[in-house]
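First the structure, in the form of structure tokens, and then the observations on it.
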Amino acid sequence: MDNGARIFVAGHKGLVGSAIVRELRARGFTNLILRTRNEVDLTDRTAVNRFFVNEQPEYVFLAAAKVGGILANNKHPVEFLRDNLYIELNVMDAAWKHRVKKLVFLGSSCIYPKFSPQPIKEEHLLTGELEPTNQWYAIAKIAGIKLAQAYRKQHGFKAISLMPTNLYGPGDNFDLQSSHVLPALIRKFHEAKTNGARQVTVWGSGQPRREFLHVDDLADAALYLMETYDDGEIVNVGLGDDVSIAELASKIAAVVGYEGEIVYDASKPDGTPRKLMDVSRLTGLGWVAKVTLDEGLRSTYRWYLENYAETGLRASAPARRS
Ligand SMILES: NC(=O)c1ccc[n+]([C@@H]2O[C@H](COP(=O)([O-])OP(=O)(O)OC[C@H]3O[C@@H](n4cnc5c(N)ncnc54)[C@H](OP(=O)(O)O)[C@@H]3O)[C@@H](O)[C@H]2O)c1
């Protein structure tokens with residue numbers, strides 16, 4: 001990609017999309033094509049085609065999706081399946097029709113079977129039952145992978161599919177009703193410290209193990225693979241290391257400076273016992289993560305204090321100073 005290339009980042013206001021925009025700008029890419037949902041609703045086929053006709057992007061990062069936690073998936077299975085299928089179909093079909101040179105599709109580790117061997121290899125895809133609570137979203141992502149592979153097989157379209165592990169960082173969702181575990185714990189411990197609460201309750205037993213990748217690392221990997229990888233096989237993107245929820249809670253309490261008690265509410269669901277990605281394919285392609293969990297937690301808490309703690313409103317992360 002030359003620095004003047006016309007690059008469409010779908011979902012540029014989101015956690016992943018905003019990180020990819022920061023990374024592209026930091027590397028001197030000047031011709032970014034960015035549209036909010038109000039400007040181009042990606043579930044609207046006509047609007048998407050019109051956009052591609054008018055803007056003729058050369059490269060696409062498909063970081064737009066209907067994303068949410070277990071509660072939201074349970075309540076809105078139709079939207080999680082239908083809207084994500086529409087977004088993938090409309091964007092990939094238009095990208096192929098309008099001769100986009102390359103497209104990066106972002107899936108998620110939830111595509112893999114609930115009881116997949118650990119660490120999870122790419123070839124474990126479709127070898128067992130999915131986690132029922134987010135199966136709608138997972139099926140849509142698996143369909144997206146197959147769609148990308150089908151366009152490549154039939155038309156030689158250069159689509160690649162990345163499967164990131166759990167992501168976190170600036171621009172994350174800290175709303176306790178819909179956020180993932182890491183941002184929820186940052187908010188809970190911060191508010192407990194601010195209010196002088198004697199204890200913080202963490203959902204579940206604290207035993208499940210999870211992997212967390214800083215979103216700036218994901219953006220770095222997405223650009224690296226856009227430039228260097230050209231194959232239909234999916235690629236896991238992760239840190240290659242995991243922690244228990246209890247270890248994560250202790251790390252976040254230390255970063256926030258909370259000295260009260262941490263208690264575990266085992267009546268709440270634990271989800272899958274472990275979810276660690278095998279990243280040997282990505283390492284073999286010459287990429288490894290750079291942000292350790294400890295560094296990432298410190299910088300994310302700093303961002304939370306500067307951008308969220310006062311207002312309680314979701315803020316997009318500021319442009320990175322190049
Ligand atoms: N977060 C994670 O831990 C994680 C882990 C693995 C993979 N991923 C993948 O990364 C991708 C992005 O996730 P994220 O965490 O960045 O989600 P996010 O923060 O919710 O961002 C999604 C973006 O997509 C936009 N969008 C949704 N529906 C749209 C529509 N119909 N038309 C136009 N724009 C639309 C949203 O716009 P609004 O701002 O208007 O809502 C939002 O800006 C997803 O494919 C997800 O599977 C995320």
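The values are calculated or read from the model by the stated rules, or taken from the named source; none is laboratory data. Everything quoted here is computed from the prediction, not taken from an experiment. Every residue, glycine among them, receives a Cβ derived from its backbone with ideal geometry; neighbour counts consider all protein chains shown. Quick note on the areas: whole protein, heavy atoms, side chains included, nothing else; ligands and nucleic acids left out. Shrake-Rupley method; radii C 1.70, N 1.55, O 1.52, S 1.80 Å.
The angle separating the long axis of helix 293-307 from the principal Cα axis of greatest extent in the chain is about 90 degrees. Under the rule a/c < 1.5 gives rounded, and otherwise a/b versus b/c splits prolate from oblate, where does segment 79-121 land using the Cα gyration tensor? Verdict is oblate for segment 79-121. Based on protein heavy atoms only, the chain ends up with 46 Å² per residue of surface accessible to a 1.4 Å probe.
Rounded, prolate or oblate: which fits segment 180-220 when a ≥ b ≥ c are the square roots of the eigenvalues of the alpha-carbon gyration tensor, with rounded for a/c under 1.5 and prolate only if a/b beats b/c? Note, shape of segment 180-220 comes out oblate. Among the protein heavy atoms, those of residue 136 account for about 90 Å² of accessible surface (1.4 Å probe, every chain in place). Atom-type composition of the exposed protein surface of the chain places 51 percent of the accessible area on carbon and sulfur (1.4 angstrom probe). The angle separating the long axis of helix 135-155 from the principal Cα axis of greatest extent in the chain is about 30 degrees. Anything over 23 Å Cα to Cα? Flag those among 121/146; 121/141; 251/290; 146/268; 102/146, in the order listed. Check vs 23 Å cut-off fails for 146/268.
Between helix 45-55 and the chain, what is the angle of the helix's C-alpha long axis to the longest principal axis, kept within 0 to 90° and rounded to the nearest 10? So the helix axis and the longest Cα principal axis differ by about 70 degrees.
Normalising by residue count, segment 181-247 has a Cα convex hull of 107 Å³ per residue. Largest first, the three principal axis extents of the alpha carbons in segment 71-169 are 38, 30, 30 Å in whole numbers. Computed over the alpha carbons of segment 207-293, Rg followed by Dmax gives 16.2, 50 Å. Classified by the C-alpha gyration tensor, the chain has a prolate form. Its axis ratio a/c, with a ≥ b ≥ c, is 1.5 or above, and a/b is larger than b/c. Annotation note: GluC sites (Glu not before Pro) in segment 217-303 located in DSSP loop regions with a Cβ neighbour count of at most 10 within 10 Å are 259. Rounded to two decimals, the Cα radius of gyration of segment 1-93 over 2.2 N^0.38 Å is 1.14.
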